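So the structure is just underneath, and the comments pick up after that.
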Amino acid sequence: MTLSNETDIENKVIVKAYKNLLHILKEKSKEDKKRIREAFELSLEAHKNVRRKSGEPYILHPLAVAQICAEEIGLGTTSVICALLHDTVEDTDITLEDVKLKFGDKVSRIIDGLTKISGVFDQQDKSMQAENFKKMLLTLSDDVRVILIKLADRLHNMRTLDSMSAKSQLKVASETAYVYAPLAHRLGLYAIKTELEDLATKYLQADSYNFIKNKLQETKSQRTRYINEFVKPLTQDLDALGLVYEIKGRPKSIHSILNKMKKQNIPFEEVYDLFAIRVIIDTDIDNEKSDCWKAYSIVTDHYTPNPDRLRDWVSTPKANGYESLHTTVMGPKGKWVEIQIRTKRMDEIAEKGYAAHWKYKESGQNNDNGLEAWIGRVREILEHPEQNALEFLDDFKLTLYSDEIFIFTPKGDLRKLPAFASVLDFAFEIHTDVGLKCIGAKLNNKLVPINHTLSNGDQVEILTSIKQKPTEEWLNLVVTAKAKAKIREYFKQQKLKTSGLGKEILERKFKNAKVSFTSEALSHLIRYFKLASVGELYYQIATEKIDRTKIDIEEIINNEINKPALEELSKPKKVIKKGNDAVIIGDEDTGMDYSFAKCCNPIPGDEIFGFVTIGEGVKIHRTNCSNATGLMSNYGYRIIRAKWANESLNIRKSFVSSIKVEGIDSVGIVSTITDIISKQLQINMKSISITSNAGSFEGMITLEIMDTQHLEELMQTIKDASPFITVRRVEDN
């Protein structure tokens with residue numbers, strides 16, 4: 001094919017993508033379309049001759065991001081323009097001033113926000129990365145569109161991740177699972193959150209992803225028949241009531257099915273809620289609640305509901321605006337079926353996101369009080385002086401996915417808190433001073449301690465005392481980021497006061513020794529006592545962790561000055577013995593020393609990666625290790641490709657792995673299990689621990705095995721020995 005023909009084909013693809021975008025925006029005014037065209041032409045010119053890793057013209061990426069913003073999130077003209085231009089200021093000669101002159105202040109502010117947060121995960125220093133993440137969230141509380149466009153950008157990058165290197169795939173997928181999917185969840189973008197999770201799983205756990213994908217495909221016709229049978233009696237009654245409705249049945253996401261299999265230790269065939277049935281009612285806003293309950297009544301007339309599985313987010317919507325009735329009922333053939341009942345408006349918000357659909361709709365409607373309250377809490381935490389940005393990142397991450405409970409004040413006001421929140425969390429939710437002085441609470445008129453876990457619908461009156469003071473243990477009693485931040489800030493202030501006393505003591509010591517109180521002299525003391533900072537030095541002197549009577553200023557400083565600066569470097573380095581060349585590091589074997597991470601004990605057959613540690617060579621982890629997502633997203637520059645050596649090398653080496661066995665206790669059960677392991681399969685046991693309680697037993701066995709196939713064979717043999725035994729690999733130690 002000639003260069004001219006290839007260019008013509010590419011131009012047609014670009015024009016088609018642009019026309020698709022205009023088709024989605026067909027209801028926009030002529031003025032809006034004119035501005036969108038100007039943005040497209042500017043982006044096209046800026047990115048000309050630039051290609052993506054896949055080889056396609058770069059302009060197709062901003063066009064795709066703009067289409068996601070318009071079609072899948074429901075954003076308007078301003079956001080589409082920003083999506084088209086989102087990479088121009090960072091990657092081309094176009095300046096923010098150019099954008100401002102052509103498209104106005106609002107567009108330039110959003111582009112500026114997108115440019116600032118583009119490198120959040122590219123920092124080699126983890127604290128700097130966490131600081132950047134805080135900046136990213138500050139832009140969220142300033143203009144939610146920045147985050148929404150960033151999510152659209154990430155979604156398209158994930159959809160086209162195949163063209164990236166294996167290392168980049170792991171890094172980008174980990175970032176997505178670690179922060180972007182939880183953010184999409186919190187902002188009510190459920191369709192995008194689900195797709196991000198599934199795509200991350202595709203690259204982080206490829207084998208498991210493909211297994212479930214194939215299983216879903218195999219059982220598709222069977223599921224369709226069951227859904228048709230289930231909805232048949234419902235449609236007759238819904239029609240009789242005169243409701244306008246639509247019923248959809250769709251499989252659960254691969255990510256959620258995989259999670260359920262792991263959490264409950266069950267095979268694919270035993271996951272009972274592989275799909276959910278959604279009843280979507282087209283009705284006026286005034287009749288929404290009553291029509292949803294009418295549909296619920298019809299469902300429960302035909303099928304028995306599980307009373308513990310009713311969730312009413314119609315009466316009390318989630319903070320991100322999600323509204324729906326959820327219940328689980330016993331369907332035909334003894335199968336549990338999850339039902340979601342909502343209106344057309346609720347469904348659109350659930351799919352496209354509350355913030356986008358209401359706050360920035362051109363009509364100017366603004367009904368997102370719940371979201372505003374959440375963003376307000378984010379801003380409060382962000383703007384609060386935080387000692388450790390990494391602690392903030394971890395705390396914030398936890399709040400993104402948390403379920404909510406509703407708590408009442410003594411006056412009957414409703415407060416939303418994350419599930420598992422304590423009395424202490426509620427106290428800090430009311431006011432910082434109330435939290436710091438909290439000694440307990442009256443919960444439904446009964447006295448409870450500060451660590452009592454709250455439940456939905458509790459009425460709580462906080463009890464305080466001026467004598468109360470927080471302790472370090474309080475950090476373990478709270479789950480909200482706000483409470484953790486306020487408690488840490490209290491200790492920070494207390495430490496600063498104490499450190500001030502330590503400084504005075506040290507200044508007197510210097511004065512008595514007739515030595516100048518300089519930063520250089522202090523650095524000698526810090527090095528001598530092996531401390532991290534001058535503040536820690538003051539604090540340890542004030543609290544007498546360092547015996548102030550034994551501080552000889554002159555002697556310490558002289559010793560430190562005369563000590564060879566390179567003494568530490570001359571110490572012999574600890575050499576990690578290579579693991580019999582079972583693993584190849586890098587694209588070609590680099591010959592680097594490595595060892596296997598004890599947190600996940602990888603064995604041949606597992607998907608693995610290498611993590612370059614400081615002083616301990618390369619640690620080999622499984623890609624689905626509980627630490628993997630954090631390592632890959634926070635330290636992407638230290639991730640190195642690793643693969644098992646070719647089987648043709650015939651390396652016979654045993655690896656350590658653990659299994660958990662559970663079941664009904666019976667005479668000789670331990671002997672049965674150990675005979676299978678030691679005698680029948682001749683596998684060496686490194687340790688075994690089995691406990692029995694109330695007719696059931698539970699055990700942990702550590703083994704030396706060859707690979708995942710060997711382990712699967714062992715587990716299957718144990719399962720076959722008795723229908724009352726379950727066995728699973730311990731994912732993380």
Scanning for something without any contact (Cβ under 8 Å) to a residue 40 or more places away in the chain, surrounded by 14 or more Cβ atoms within 10 Å (Cβ to Cβ) and under 28 Å from the mean Cα position of the chain (by Cα), does the range 632-642 turn up at least one residue?
yes
Filter the range 4-54 down to the residues that are of a type in the set (Ser, Thr, Tyr), under 37 Å from the mean Cα position of the chain (by Cα) and surrounded by fewer than 11 Cβ atoms within 10 Å (Cβ to Cβ) and list them by number.
none
For a quick check of your reading of the model, give me the residue pairs whose first member lies in the range 592-603 and is over 16 Å from residue 617 (Cβ atoms), whose second is β-branched (Val, Ile, Thr) and modelled with pLDDT of 85 or more, with beta-carbon atoms closer than 7 Å and at least 6 apart or on different chains.
601/656; 603/705; 603/708
Does residue 101 qualify as being touching a residue at least 12 places away in the same chain (Cβ under 8 Å) and in a helix (DSSP H, G or I)?
no
Name the one entry in 319, 295 that is over 30 Å from residue 727 (Cβ atoms), touching a residue at least 40 places away in the same chain (Cβ under 8 Å), within 23 Å of the chain's Cα centre (by Cα) and surrounded by 18 or more Cβ atoms within 10 Å (Cβ to Cβ).
319
From the option list 132, 157, single residue qualifying as at pLDDT 90 or above and either touching a Lys or Arg at 6+ places or on another chain (Cβ under 7 Å) or not assigned by TED's automatic domain parsing to the domain that holds residue 636 (or both) is 157
Would you please name the residue that is farthest from the chain's Cα centre (by Cα), looking only at residues in the range 254-287 that are part of a helix (DSSP H, G or I) and within 11 Å of residue 212 (Cα to Cα)?
269
Hey, does the range 271-289 have a residue that's closer than 21 Å to residue 406 by Cβ, outside the structural domain of residue 416 (by TED's automatic domain parsing) and either buried (at least 17 other Cβ atoms within 10 Å of the Cβ) or modelled with pLDDT of 85 or more (or both)?
yes
Among the candidates 435, 440, 457, 412, residue that is at positive phi and buried (at least 17 other Cβ atoms within 10 Å of the Cβ):
440
So is residue 702 in contact with a helix residue (DSSP H, G or I) (Cβ under 6 Å, 6 or more places away or on another chain) and either of a type in the set (Ser, Thr, Tyr) or not in a helix (DSSP H, G or I) (or both) or not?
no
Check residue 143 against each of (1) modelled with pLDDT under 85; (2) acidic (Asp, Glu); (3) within 25 Å of residue 610 (Cβ to Cβ) and name the one condition it does not meet.
(3)
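Results for (1) in contact with a strand residue (DSSP E or B) (Cβ under 7 Å, 6 or more places away or on another chain); (2) in the same structural domain as residue 408 (by TED's automatic domain parsing); (3) free of Cβ contacts under 8 Å to residues at least 12 places away in the same chain; (4) closer than 24 Å to residue 316 by Cβ, shown as yes or no for each residue.
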site: 428; (1), (2), (3), (4): no, yes, no, yes
site: 457; (1), (2), (3), (4): yes, yes, no, yes
site: 462; (1), (2), (3), (4): yes, yes, no, yes
site: 478; (1), (2), (3), (4): yes, no, no, yes
Can you name every residue in the range 21-52 that is of a type in the set (Val, Ile, Thr) and within 16 Å of residue 101 (Cα to Cα)?
36
When you look at residue 525, is it part of a helix (DSSP H, G or I), touching a residue at least 24 places away in the same chain (Cβ under 8 Å), out of contact with any Gly (no Cβ under 8 Å at 6 or more places or on another chain) and surrounded by 14 or more Cβ atoms within 10 Å (Cβ to Cβ), yes or no?
yes
What about residue 68, is it assigned to a helix (DSSP H, G or I) and at pLDDT 85 or above?
yes
Number of positions in the range 168-221 that are surrounded by 20 or more Cβ atoms within 10 Å (Cβ to Cβ) and assigned to a loop (DSSP other than H, G, I, E, B)
4
Per the filter on the range 24-43, residues acidic (Asp, Glu) and free of Cβ contacts under 8 Å to residues at least 12 places away in the same chain are 27, 31, 41
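The values are calculated or read from the model by the stated rules, or taken from the named source; none is laboratory data. Remember, it's a predicted structure, so these values are computed and weren't measured experimentally. When we count neighbours, we look across all protein chains shown, and the Cβ atoms used for this are built from the backbone with ideal geometry, even at glycine.
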